[in-house]
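Beneath this line is the structure, given in structure tokens, with notes to follow.
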Amino acid sequence: MKPIYLDYNATTPTDPAVIESMLPFLYENFGNPANILNQYGWTAENAVKEAAKNVADLIHCQPQELVWNAGATEGNNTVVFALIRKLKQLEPNEKIHFITSQAEHWSVINSFKAAEKFEGIELDLIPVNQDGIVTVQDLKKYIKPHTKLVSLMWVNNEIGSINPVKELAEFCQQNKIYFHTDATQALGKIDVDLQKTPVHFLTFSAHKFYGPKGVGCLFTRAMIQLDPFLFGGGQQRNQRSGTLNVPSIVGTGTAAKIAKEKMHAEAKRTRELLKKLYTELKIELPDLKINGPDLENTDLRSPVNLSLQFNKQADLVLPELSKIAFSLGSACSTAGTSSSHVLKAIGLTDKQAQSTIRLSIGRWTTESDIRQAAETLIKAFKPC
Ligand SMILES: Cc1ncc(COP(=O)(O)O)c(C=O)c1O
């Protein structure tokens, strides 16, 4: 018996309809969309265009504002390094200050740190509040005359907190600062409307909303011109060279289309399931705490994530937890146990972080899964 999958924030199962839509592009429609002189090429090109339209419909942007890539890690790196190149070209002698937060995904934090080390930019890794959120008031304290980029994630991957992205983006726009958001955990879970939210750059991976792995997009607002990050045959309007991964792009388009149809109903259902789980646990484990915003606070918390602090270190009861698949708030390596940087950023001690479990659910989580998960967790953590 496989464990019950409660790790949807790590990756989601690929939707069967996504796989169905991809198969023809692995079999008969294997053409290269860059070669539209033949039917194979134009069939592939049309499918890529349709996929971009589906993603654009989900996030309310223009298809031409999207560049296909290998996912959020690539997108986050591209924003940082392509923007530095642009800024240095425009004003070679100007200082450059970038801001991101201590609770971002490593693909953002480490891109910014690499830019500090190799490109000489000034960097502020700013704190988050106890819910993992940065408000405009918090951000204002760190703005300098030469601040050029602020990057703050839409939804936190560990504790599910939602940043006030609209207000943050508006503030940056008013102050002529570029604003990037890593929306990897937001797409398909909550409304992402780029008509209403003036971000300059947005990044995501398809595998977090039932699409394939290794594919995603960088959204760049139409008025901004960035030099390419990858040079080559000039694909994608010369913004990212390399033959397009057509089956995965088609799968992403299908995933986006399904997300648009199902997102609100799914969010309602998963919120109910998480509430049920938490209520059942709390009866037997009264010391239990939620990391990040309260479950009732639907504007501030992802509908699929529940980060819980138990009364003992989770790695001490791992065998008892083998019936469920989840994530820990700490990682063991040969160098010892390291606590999650996100949990540290919201003020947890090492012991609290090591007693934390992240449960994340989604499209195929059932009531019975939730009941069994509650039973398993209670058995493992209930004091004898
Ligand atoms: C918020 C966030 N950003 C970026 C990434 C990186 O995504 P990928 O590994 O698909 O590039 C993840 C993946 O866990 C994530 O959760």
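The values are calculated or read from the model by the stated rules, or taken from the named source; none is laboratory data. All values derive from a computational prediction rather than experimental measurement. We place every Cβ from the backbone using ideal geometry, glycine too, and count neighbours over all the protein chains shown.
Annotations
- Among all residues of segment 252-268, there is none that is under 21 Å from Thr184 (Cα atoms), in contact with a Leu (Cβ under 9 Å, 6 or more places away or on another chain) and outside any helix (DSSP H, G or I).
- Restricting segment 129-165 to residues that are within 14 Å of the ligand (Cβ to nearest atom) and among the β-branched types (Val, Ile, Thr), the residue that is surrounded by the fewest Cβ atoms within 10 Å (Cβ to Cβ): Val165
- Selection count, segment 58-76, where residues are in a helix (DSSP H, G or I) and loosely packed, with under 15 Cβ neighbours inside 10 Å: 1
- Taking the listed residues Ala70, Ala82, Ala103, the one that is modelled with pLDDT of 95 or more and either in contact with a Pro (Cβ under 8 Å, 6 or more places away or on another chain) or basic (Lys, Arg) (or both) is Ala82, with no other qualifying.
- Of the strands (runs of 3 or more DSSP E) lying entirely inside segment 276-384, those containing at least 1 residues that are closer than 19 Å to Val155 by Cβ and charged (D, E, K, R) are 356-360.
- Check on Gly242, in contact (Cβ under 8 Å) with a residue 40 or more places away in the chain and assigned by TED's automatic domain parsing to the domain that holds Ile109: no
- Residue list for segment 227-249, filter: surrounded by fewer than 20 Cβ atoms within 10 Å (Cβ to Cβ) and among the basic types (Lys, Arg): Arg237
- Screening Val155 on (1) in contact with a Ser or Thr (Cβ under 7 Å, 6 or more places away or on another chain); (2) modelled with pLDDT under 95 shows it passes everything except condition (2).
- Lys113 vs. criteria at pLDDT 95 or above, surrounded by fewer than 23 Cβ atoms within 10 Å (Cβ to Cβ), more than 30 Å from Arg358 (Cα to Cα) and of a type outside the set (Ser, Thr, Tyr): no
- Segment 207-226, subset of a type outside the set (A, V, I, L, M, F, W, C) and in a loop (DSSP other than H, G, I, E, B), residue surrounded by the most Cβ atoms within 10 Å (Cβ to Cβ): Gly211
- Residues of segment 172-195 satisfying the condition of being outside any loop (DSSP other than H, G, I, E, B), in contact (Cβ under 8 Å) with a residue 40 or more places away in the chain and crowded, with 24+ Cβ neighbours inside 10 Å: His180, Asp182
- Condition check for Lys282: free of Cβ contacts under 8 Å to residues at least 40 places away in the same chain and over 30 Å from Val192 (Cβ atoms): yes
- Every test in (1) out of contact with any helix residue (DSSP H, G or I) (no Cβ under 6 Å at 6 or more places or on another chain); (2) within 14 Å of the ligand (Cβ to nearest atom); (3) assigned to a strand (DSSP E or B) is passed by Thr100 save one, and that test is (1).
- Top-ranked residue in segment 196-206 [being among the hydroxyl-bearing types (Ser, Thr, Tyr) and assigned to a strand (DSSP E or B); ranked as nearest to the ligand (Cβ to nearest atom)]: Ser205
- In segment 38-57, the residues that are over 17 Å from Val18 (Cβ atoms) and assigned by TED's automatic domain parsing to the domain that holds Leu202 reach residues that are among the β-branched types (Val, Ile, Thr) and crowded, with 16+ Cβ neighbours inside 10 Å with C-beta atoms within less than 7 angstrom, at least six apart or across chains, in these pairs: Ala44/Val246.
- Residue match in segment 177-195 (condition: at pLDDT 95 or above, acidic (Asp, Glu), within 17 Å of the chain's Cα centre (by Cα) and more than 12 Å from the ligand (Cβ to nearest atom)): yes
- Per the listing Asn54, Asn35, the residue uniquely in contact with a helix residue (DSSP H, G or I) (Cβ under 7 Å, 6 or more places away or on another chain) and at pLDDT below 95 is Asn35.
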